[in-house]
Amino acid sequence: MGIFKKKIEEEKIEERYILCLDGGGMRGIVPAVVLDKLAQLMKAYDDKKPFYSHFDLIAGTSTGGLLALALTVPPQYMSIPKEAGPTEVIKFEKPKQSFIDKITKKPTPEKKEDIIIPRACDCSKLRYIYSENGSKIFPNRTRLFGQMLSAKYRAEPLENFLQSIFNEAKMSQCFVPTMTVAYELIEGKPYMFKSWDSKDFYVKEAARATSAAPTYFAPVILHERATDKKLTLIDGGMVANNPVILAYGEAKKLYPNCKKFHIISLSTATQIFRLGDGDITGSGVMGWIDPTKGAPIQKIYASSQMQMSDYMASTNDEIEYTRVDYELESDNFKIDDTTTYAIEKLEEAGNIVYEKNEERIMNYVEKIIKKEDFSHITPQSHIDQEDKKVLKQYKAETYSPPEDDDSNDKTDDSILEVVEERSLLERELKQSKFGGLFKRFISARTAVDNSNLLPSSTSTNETDQDFNLETISDSEKE
């Protein structure tokens, strides 16, 4: 049995989880709502780890880049409230030297460094980034002649907003690998701001570059501090409004031994642009850029770019692609529409997008909560002061995590009901005459002998607890 178990462990392939977030200005309300639902769903499965910690890479473009950064920046820099709950610590025991190793004087492997998983921003507060700040970034008072001769909006309100949200946080301090996409005009190619290769950029600089939408904001000029290389950057939506392919490419470099990338990609529910039979444009320049028709060539380009990203991701054998999208009817809200009506409708759209994709989202969550490898989390040297105190206490004493604070840790009843229903069906299947076979297929959960099926009173919390114990250490089981 031991040999068989060892063989299974050797054959286990490396898998990684990636979160991708689309661009779309104020339409970022849609993925913000879905992110909140995702976080609630994980809690409904009794997974108490911080939301960001499940993902080996979080990537975003434009407004999606702002959300990606908000999820992973240390909370002491953020004006967004921190989520409730204790700091998680995954402890590793010092490896024991076997009798044979002692005889052969083989050195004992060094103890792995314990992994601290600090709390970050509260996902339920992300949507308020837009409702409380949208009108400051996109004021009703725009420049004379609008977007004809210059950018529609001044950059100062956007930059002030980014300063207030991220303060002096640096890209290198993001809790997990985080990436935003921009486009560099001088060299004419995509430019990725990466937390693991930060070039000493501030988070607010990466956020400003990824959201510099042409005609809305002026390009931003930055310099790589080590080389003083000049960069002229615009919104990453020009090259990858859905950053899935760029994220996959970077993940391949980060995790060269990975054989399967589980990517969940959240859209801003932007409609595919279509021309009606009576709206077919002429073949001249004016026909294709006609502003009365919404500049058809630009919208066709944007729609086709998104479709190509979906196609490439969904046909790649190394990617399991979960695209969370839904084309809403009668939805033509612009990226700078900050009216109360638009905000309310976009929040409704977020709920609709989640509902239309709920089954696929739940399938993804049921996999990601079984994740056991958290080595991708940024080491303690970049952890905020509060969590450093926790580490100091933990090293001095036997660490005992504080009790959970449920004050702002509520989950929608509808999500809980769906999770309970799925858990009930799973238990009924386990008790059927095919239960033993089913257990083998779900062996990633709890190894249960075929003759000892789970009783109907067993809760999902108990099986999840087994997983949590295994991920911390063998000593915790005792």
* Which length gain, in nm to one decimal place, applies between CYS258 and ILE13 when the Cα-Cα distance is subtracted from 0.36 nm times their residue separation? -> 87.5 nm
* Could you list the square roots of 5 times each eigenvalue of the Cα gyration tensor of segment 304-369, that is, the equivalent ellipsoid semi-axes, sorted largest first and rounded to whole Å? => 27, 17, 9
* **Among 335-342, 16-23, the order from most to least packed when residues are scored by Cβ within 10 Å on average** => 16-23, 335-342
* **Cβ-Cβ FRET estimate between ILE221 and GLU156, R0 fixed at 25 Å, reported to 0.05** => 0.95
* **Rounded FRET efficiency, nearest 0.05, which uses the C-beta distance separating ARG274 from ARG422 and R0 of 51 Å** => 0.85
* Of the cross-linked pairs LYS299/LYS356; LYS49/LYS204; LYS91/LYS112, which ones have a Cα-Cα span greater than 18 Å in the structure shown? -> LYS299/LYS356; LYS49/LYS204
* For GLU329 paired with ASN167, estimate the spin-label separation in nm (one decimal), with each label point 7 Å from Cα along the Cα-to-Cβ line. => 4.8 nm
* **Around GLN163: net Lys/Arg minus Asp/Glu count, Cβ-Cβ under 13 Å** => -1
* Asked: Expressed in nm to one decimal, what extension gain is obtained for the pair ASP373 and GLN76 from 0.36 nm per residue of sequence separation less their Cα-Cα distance?
  -> 104.3 nm
* Stretch gain in nm, segment ASN140-LYS96, where the contour uses 0.36 nm per residue and the Cα spacing is subtracted -> 9.2 nm
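Every read-out reported here was derived from the displayed coordinates using simple, explicitly stated rules and does not represent laboratory data. No experiment lies behind these values; they were computed from the predicted model shown. All Cβ positions, even for glycine, are placed from backbone atoms using ideal geometry, and neighbour counts span all protein chains on display.
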